[in-house]
Structures are given as structure tokens and as C-alpha cells.
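Peer 1: Next up is a structure, given as C-alpha cells.
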Ligand SMILES: [Ca+2]
């Protein structure tokens, strides 16, 4: 049921975000330079797809992309993806000189099977030079770098001197034009992570010398996974090490909905066929609160501040719970069949319920 939960949540989140984007104030698009190795792991392809989706929604403007890997198929692969997503003209640079090389199981096949212009890495300019040109054309403080590979191009950019694009050296050009660097790299609080290790000297130089704030998206994010079983158990896994960390026993039948609480994650909320919602302290494995829904629960949602929970299931009634004291705040009735998915909107003011009656209902949350 974990996979189904995640799919529901993602689908709802996307649907809600689309609705809000259609009715809310449009924020200016974030101007992005995207740096990828797009060689070993296929998650870079997912990152490219998400970035194009954000551009489709007007939330991002893709100024340029750079490849930090030496495999000859990486540039054609990235060009093919951009062409597929309707942006064939995004300028692509590539690392020149030394760089990281390993086997790629998909880049050649993507390049072979989908149309593109750039036939080899030799056709693409030096990423550091391309970044200089693009930065020079942008307003001050307007650019966000996103990296999902090793940091060779970042080190190379910082080593550049003034040129035809700008009289400024690399560090000063970056300081002036860049707002933020978001780096998928590192493992916190400690540990080895590929993007910082594959070209360690470049990573050390780039991170030490970069003149703007850097946000690190560490490898540990998302590594903890909760599952609910038909046997009434809740299991906490660490995907980073492939370990089962805890087996939590408390439900008497199928656990159909699980949610983390807090950032750690340090707590969890679980519910299922026995009609009980349990709050867990994950450090001790103890139940710290129990709420009685009174019917099988198939979906849970928790507000970002962990102040409210929404639970729903077989009858279609959505129940709002106050997590501060476990009190039942509201019963929301409107669905004509069971509720299978719940998601709280990004602004925390509404909950959206998805039902087997084929409708989505949007409810205002109390006190929000
Ligand atoms: Ca990567």
C-alpha cells in the first residue's frame, strides 16, 4: 500500500498545485541554469522532466544546461530530452578537459532513438564559458543554479577570467548575477555521496569559493520509508542502507495509511482497518496518542506544522483531528463513497479529498 499512497499523494499534490496556479497570483519564473552528469543514474532524466514541467507551468525559465560528465552520449541525450519536451534550443555546454567518466546504460539509447541536433560532446561549448555568457546577459541577482551531478563545471566557472562576455572574473560574475545554488549533493550529518566524491577536488574548490548561499539537498532526504502491512505492522526502513530499522506493533488489522510527522522524521501517524489512528515516537517505538475514527481509515494527511490531521475511509466522511490534544474538530460529509486519498494544499488552508465516487472535494481547514 505504500506505493499506492505515494502515487495518490503525488497525483493530488500535482492536481492541487495546478488548480492553485490557475487561480493564484503568478510569481515570476525562476531563471535556472541546470548542471547534470546524466550518465550513471537515470534520476537525472527525472530531474530534467520535472524542470521542463515547471517551465511549462511558468514557474521556471531554463536559461542553459551543462553536462559535467565525459561520456560522449551525455550531450546528445540531454539535447534529445530537451527536444522531446519542446525546448530544442536550450543552450547546452559540456565539461572540457578532465572530468568524470563511467558507463551509461541509457544515454546512448536515448540519443539513438529520439531526435536532436547535437551529435557529440565536441559540438557543445565549454559549460563554464556558456555559463559566463548567459550570466552576463542576466539582471543582477537573478539566476539560480541547480546541480545534480559532480561539481567540475562550477569549479571551472570560478576559475574563469574576464572575456568577451564580461570583464569580470568568475567569482565576481557569480557574486553579482547569481541568487542561489541548489546542490543535490552530500550526505548529512556525515557520509560519502557520489556527486561530491567523483571529482572531490572540484567539489571542495567550488563549495569553498562559491560567493552566494548554497542549499544542499542531501542524499539522506527521502531515505526513510514507512510501510503499513495487512498483518497490522508498521515498518520503518532506511533505504540508504537497505535496513529495516523498526517494526511497530499496535494495530489489530491492515494498516492502510501512514504519514511522517515533523522533519526528522521523528514521529509518525498510522491508521487502517481497525479504525484507530496511532501517533508514534519513532525513537522509542512507543504509541504516544490514539484517536478513534470509528471506521476503517484509508487515507491520512497532516498539516506541515503537524497541528492538524485529516483522516477518511469507508464512509467517505473526512474527519479533522487536532494533533495538539487529539480532539475531533470536525466531520466533513459530502462524498457518496469511500475516500481513498487526502492532501493538504501547499498554503495549509485546504484539504482535498479524492473518493471512489469519482469526485475531488476541496474543504477549508478550521482556523487556517
Ligand atoms: Ca546525477
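Peer 1: Expressed as an acute angle from 0 to 90° and rounded to the nearest 10, what is the orientation of the C-alpha long axis of helix 127-136 relative to the principal long axis of the chain?
Peer 2: Tilt of helix 127-136: around 80 degrees.
Peer 1: Please report, largest first and rounded to whole Å, the three semi-axes of the ellipsoid equivalent to the stretch 61-162, where each semi-axis is the square root of five times an eigenvalue of the C-alpha gyration tensor.
Peer 2: Square roots of five times the eigenvalues give 23, 17, 11 Å.
Peer 1: Can you tell me the mean projection area, over all orientations, of the convex hull of the stretch 224-364's alpha carbons? Units nm², please.
Peer 2: For the Cα atoms of the stretch 224-364, the hull's average projected area reads 8.1 nm².
Peer 1: Taking 0.36 nm per residue of sequence separation and subtracting the Cα-Cα distance, how much length would be gained by fully extending the chain between residue 50 and residue 212, in nm to one decimal?
Peer 2: Numbers: separation 162, 0.36 × 162 = 58.32 nm, distance 2.44 nm.
That works out to 55.9 nm of additional length.
Peer 1: Assuming R0 = 45 Å, can you tell me the calculated FRET efficiency for the pair residue 84 and residue 247, based on Cβ-Cβ distance, to the nearest 0.05?
Peer 2: Efficiency, rounded to the nearest 0.05: 0.55.
Peer 1: Determine the principal axes of the Cα atoms in the stretch 287-368, then give the extent along each, sorted from largest to smallest and rounded to whole angstroms.
Peer 2: Sorted largest first, the three principal extents are 33, 28, 17 Å.
Peer 1: Just to verify a number: FRET efficiency for residue 119 and residue 238, C-beta to C-beta distance, R0 = 45 Å, to 0.05?
Peer 2: According to the calculation, E is roughly 0.55.
Peer 1: At 0.36 nm per residue, minus the direct Cα-Cα distance, what do residue 283 and residue 29 gain on full extension? Give it in nm, one decimal, please.
Peer 2: That pair, residue 283 and residue 29, stretches by 87.4 nm at full extension.
Peer 1: If you build the convex hull over the alpha carbons only and average its shadow over all orientations, what do you get for the chain? Give it in nm² to one decimal.
Peer 2: 20.0 nm²
Peer 1: Once the piece of chain linking residue 227 and residue 180 is laid out straight, how much longer is it, given 0.36 nm per residue of separation minus the C-alpha distance between them? Write down the numbers at each step before the final one.
Peer 2: Values: separation 47, 0.36 × 47 = 16.92 nm, distance 3.56 nm.
Answer, rounded to one decimal: 13.4 nm.
Peer 1: Working from Cα positions, state the angle (0 to 90°, nearest 10) between the long axis of helix 43-56 and the longest principal axis of the chain.
Peer 2: Between helix and principal axis, roughly 90 degrees.
Peer 1: How many nm separate the modelled label positions at residue 133 and residue 359, each set 7 Å beyond the Cα in the direction of the Cβ?
Peer 2: 5.6 nm
Peer 1: Rounding to the nearest 10 and keeping the result within 0 to 90°, find how far the Cα-based axis of helix 74-84 lies from the longest principal axis of the chain.
Peer 2: So the helix axis and the longest Cα principal axis differ by about 60 degrees.
We did not get these values from a lab; they are worked out from the coordinates using the rules stated. None of these values were measured; they are calculated from a predicted model. Don't worry about glycine lacking a Cβ; one is built from the backbone with ideal geometry, like all the others, and counts go over all protein chains shown.
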